[in-house]
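Undergrad: Just passing along the structure, written as structure tokens.
What follows is calculated from the coordinates using simple rules that are stated; it is not laboratory data. Computed from a prediction, not measured in an experiment: that's the story for all the values here. Cβ placement follows ideal geometry from the backbone for every residue including glycine, while neighbour counts extend to all protein chains displayed.
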Amino acid sequence: DAGVIQSPRHEVTEMGQEVTLRCKPISGHNSLFWYRQTMMRGLELLIYFNNNVPIDDSGMPEDRFSAKMPNASFSTLKIQPSEPRDSAVYFCASSFGTPPEAFFGQGTRLTVV
Amino acid sequence: AQTVTQSQPEMSVQEAETVTLSCTYDTSESNYYLFWYKQPPSRQMILVIRQEAYKQQNATENRFSVNFQKAAKSFSLKISDSQLGDTAMYFCAFVQGAQKLVFGQGTRLTINP
């Protein structure tokens, strides 16, 4: 298996633009997580899905952030409009069953200028 | 809410030495899982070792072992015969059931030649 695949690896955008991050989980995994990593706040869970349904989105910073999982093999995290404080590394991870260990993608480094 | 605390922001040891990274957590649950993840400069999150709370035996993976003290809610990672490639950020993480992984703030470990 190719593992969790995220795209793009790097994204540089101007403040106010829309940004879409993409994730393909490992085939057969039924849980998907979006994390944000910054120096100040460490690894924060933004949202997680189980069987394509959002279970907990309490970590989503504000209405500018939205996430979707239209099917078991694809998820997106959208920021609209983007702000410089959104600059971070965004990770997608997936898991299945017990033990619920998460497998991470390579992350997307987002820079908003 | 579950919380995970890593009290050592940075550590540094000489190659071939043994190093122990500390982690404590807070939960009212009796059954859960604990993990250590490694994040090298490549930023890939790599699972190092896992521990199931109902198992009293400490987990071991080659040079990596844990000291799991359930009553004290402590989960330390010992790296024996440390190697230059062990240089990375190390994250302790907790999960209960099929719920989200909660991460500590991380410990930056440097192995010096």
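Undergrad: In a Gaussian network model over chain B where Cα atoms closer than 10 Å are linked, find which of B:Val66, B:Val102, B:Val13 has the largest mean-square fluctuation.
TA: Judging by the Gaussian network model, the answer is B:Val13.
Undergrad: Okay, next question. Please compute the contact order of chain A in relative form: average sequence separation of alpha-carbon pairs under 8 Å and at least six residues apart, divided by the residue count, as a percent.
TA: Across chain A, relative contact order equals 37 percent.
Undergrad: Kindly provide the trypsin sites (Lys or Arg not before Pro) of the range A:16-54 that DSSP labels as loop, not H, G, I, E or B, and whose Cβ sees at most 11 other Cβ atoms within 10 Å. Spell out each step's value before the answer.
TA: Values: sites: A:Arg22, A:Arg36, A:Arg41; in loops: A:Arg41.
Filter output for the range A:16-54: A:Arg41.
Undergrad: Same structure again: Calculated FRET efficiency, B:Ala71 and B:Gln105, Cβ-Cβ r, R0 22 Å, to nearest 0.05?
TA: Values: r = 24 Å, r/R0 = 1.08.
Efficiency at R0 = 22 Å is approximately 0.40.
Undergrad: Which of these, A:Val12, A:Val89, A:Val53, has the largest mean-square fluctuation under a Gaussian network model of chain A (Cα springs below 10 Å)?
TA: Sorting by GNM fluctuation, first place goes to A:Val12.
Undergrad: Further question: Can you work out the Karplus-derived ³J(HN,Hα) for every residue in the range A:34-49? Use 6.51 cos²θ - 1.76 cosθ + 1.60 with θ = phi - 60°, whole Hz, and x for glycine or proline.
TA: 10, 10, 10, 10, 9, 4, 6, 10, x, 8, 10, 7, 8, 7, 9, 10
Undergrad: Can you tell me which of A:Ser87, A:Ser58, A:Ser73 moves the most in a GNM of chain A? Springs connect C-alpha atoms under 10 Å apart.
TA: Taking springs between Cα atoms under 10 Å, the residue moving most is A:Ser58.
Undergrad: Quick one: go through the range A:71-110 and flag any residue whose amide nitrogen is under 11 Å from the point 7 Å out along the Cα-to-Cβ line of A:Arg64.
TA: A:79-87, by backbone N distance to the label point.
Undergrad: Further question: Cross-link partners among aspartates and glutamates for B:Lys100, C-alpha distance below 20 Å, same-chain residues fewer than 8 apart left out?
TA: Partners within reach: A:Glu44, A:Asp56, A:Asp57, A:Glu62, A:Glu101, B:Asp26, B:Glu29, B:Glu52.
Undergrad: Which cross-chain or sequence-distant (5 or more) residues have an amide H under 5 Å from the amide H of B:Ala59, H modelled 1.01 Å from N in plane?
TA: Placed amide hydrogens put B:Val66 under 5 Å from B:Ala59.
Undergrad: Please get the size of the charge dipole for chain A, origin at its Cα centre, with Cβ charges of +1 on Lys and Arg and -1 on Asp and Glu, quoted in debye to the nearest 20. Before the final figure, lay out each step's value.
TA: Numbers: 10 positive and 12 negative charges, 44 e Å.
It comes to approximately 220 debye.
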